[in-house]
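First comes the structure, then the notes that go with it.
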Amino acid sequence: MEKTYNLIIVGAGMAGLCAAAEAAAQGAKVLVLEKEEEIGGSSLLSGRFMAFAETDLQKKEGIQDSTQLLVDDLLTVGQGKNEVSLIEAYGENQYETYQWLVQKGVQFHAVQAVSGHSVPRGHTITPSQAISTLYQYAVDTGNVTVELEASVKRLRKNSEGRISAVIFEKNGLEYIAKSDQGIILTSGGFSRSEELLEHFAPQLKGALRIGGKGNVGDGIKLAWEHGAWVRDLPYLQGTYGFHPTADGPRKNQAHVFYKGAIVINKQAKRFVNESISYKLIGTEALKQPEGITYQVWDQEIMKENVPGDALYDFEKLNELGLIDKANSLEELAELISVPKAQLVQTVDEYNQDILAGGDKEFGRTTLTHTFGKPKTICRAPFYAMRTTVAMLATYAGLAVNEGAQVLNPFHEPIPGLFAAGEIVGGFHGAGYMTGSSLGKAAIFGRIAAQTALKTEITL
Ligand SMILES: Cc1cc2nc3c(=O)[nH]c(=O)nc-3n(C[C@H](O)[C@H](O)[C@H](O)COP(=O)(O)OP(=O)(O)OC[C@H]3O[C@@H](n4cnc5c(N)ncnc54)[C@H](O)[C@@H]3O)c2cc1C
């Protein structure tokens, strides 16, 4: 039997659940369709940073920040290729969305310096806590129905040309559900789609595939069929920092380079300024001989270990046997099979440059982005972690306006169709700033619901 809802939301990650919670609070009847047997998608696997400015947590740490600085950073990292209206919408809604999340029960623990930000701005969440809290809030309103293992296969228009129904499959059966206010695509990116990655980013062939199991670009294809335009495909990049054993739930990831490690290739040579975006480091890493690279650091940097942190718990990776440790650089070179003399020379030259005030070879003057001072690597024991690139999020996809309406190639909204989260393109432009993907999922998930519910319907 066909049922009609006010809104249908495709995908139950951060964006879908924020859209559902927002709509439910306004009294709308909502159907959330999630293809997998559990909710959460990539949001559940995420490194847990959300980019917000002017928050209580920052103020507690004495961090001076402003919405304008956050907006400027997003545009700088995106190299001016981002859609300014989307960045402005992020700025206008970021603080209110932070407070909204807190009010819904999402817990923020701390603020950290993360890639692309002028000041520490990575607000940490526990993804499972955030996802289950938003889900529970939405369901407890009594207005939201969540169907698991319900995969949306096609979108359908009504006789006026408005997107108004989905065809979905559950338990081998096909169903139709109708919506009178709109359909919101929050089905994530395509980091698990060999087909789309081979087509749009063949340069990422050697990268690991990490991300929600269901993130194969379904939503993008659903919208393409109805004339959606796409943005940011030329800027698809992998993420540097994973041990080759990483898969998804097992992240095996460390950003020691943002605490002072250098990054070398199989010839024991540096090839990049380690303070730049890990996306850009990833692009360079894939060009190295056999794609093999290592992070190398010393005991002083090892002290920066943050137990339990997704990116900075180096001791845990050590305990897992994923880090090589040696009392001299020569011994370390032997352990990781790189030329001994070259490793010693690379580290010596780097140390001399840092002591003299700046790295001459690649211009490193900070730890991450504009933050922190690089350190010499001279105190034994020395450490190395084989590190590779993973495709964990695509950040390229459907063109939308600041109201989260999906646009056609002529920048016109496709009636009835909305999108938010990783499925959207045009927001990040040429570079991704840490924490802004979960941030934009929450912000634009809510905006999509708000726009859909106030859009006048002519059924
Ligand atoms: C390892 C890792 C670390 C990351 N770290 C960070 C970080 O620290 N900060 C940050 O900002 N970003 C981070 N990201 C990126 C970020 O997690 C994602 O971009 C974001 O969570 C996407 O949220 P979303 O709601 O758009 O999609 P998702 O959370 O992926 O949810 C999409 C959902 O849609 C479902 N779906 C797909 N197709 C269909 C269909 N046809 N029918 C029904 N359902 C469907 C999927 O199964 C999935 O559950 C990270 C990503 C990964 C993988």
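The values are calculated or read from the model by the stated rules, or taken from the named source; none is laboratory data. Note that the structure is predicted; figures quoted are calculated from it, not measured. Positions of Cβ are backbone-derived with ideal geometry, glycine not excepted, and every protein chain shown enters the neighbour counts. When the accessible area is computed, the model is the full protein with side chains, heavy atoms only, and any ligands, DNA or RNA have been set aside. Shrake-Rupley method; radii C 1.70, N 1.55, O 1.52, S 1.80 Å.
Brief remarks follow.
- Environment charge at Ala24 (Cβ cut-off 12 Å; Lys +1, Arg +1, Asp -1, Glu -1): +1
- Candidate lysines - alpha carbon under 23 Å from Lys279, same-chain residues fewer than 8 apart omitted: Lys81, Lys205, Lys213, Lys251, Lys259, Lys266, Lys269, Lys287, Lys360, Lys373, Lys375, Lys440
- Anchor Lys157: lysines whose Cα lies under 16 Å away (excluding residues fewer than 8 positions away in-chain): Lys3, Lys178, Lys221
- Stokes-Einstein diffusion coefficient of region 290-440, Kirkwood radius over Cα pairs, 37 °C, 0.692 mPa s, in µm²/s: 174 µm²/s
- When Glu37, Glu300 are compared by accessible area of protein heavy atoms, the largest-first order is Glu37, Glu300, using a 1.4 Å probe.
- Accessible area in square angstrom per residue, region 240-391, 1.4 angstrom probe: 41 Å²
- Overall Cα dimensions of region 87-229 - principal axes, largest extent first, Å: 49, 46, 33
- Counting only DSSP H runs of at least 4 residues, each contributing -39500 (n - 2.57), and dividing by the residue count of the chain, the helix-based mean residue ellipticity at 222 nm comes to -9000 deg cm²/dmol.
- Accessible area per residue was computed with a 1.4 Å probe on protein heavy atoms; Arg209 scores about 50 Å².
- Summed over the residues of region 5-57 and divided among them, the accessible surface reaches 24 Å² per residue at a probe radius of 1.4 Å.
- Debye log10 I(q)/I(0) at q = 0.06, 0.08, 0.10 Å⁻¹ for the chain, Cα point scatterers: -0.26, -0.46, -0.70
- With every protein chain in place, region 314-387: carbon and sulfur % of accessible area (1.4 Å): 50 percent
- Residue-count net charge about Leu148 - beta-carbon cut-off 9 Å; Lys, Arg +1, Asp, Glu -1: -4
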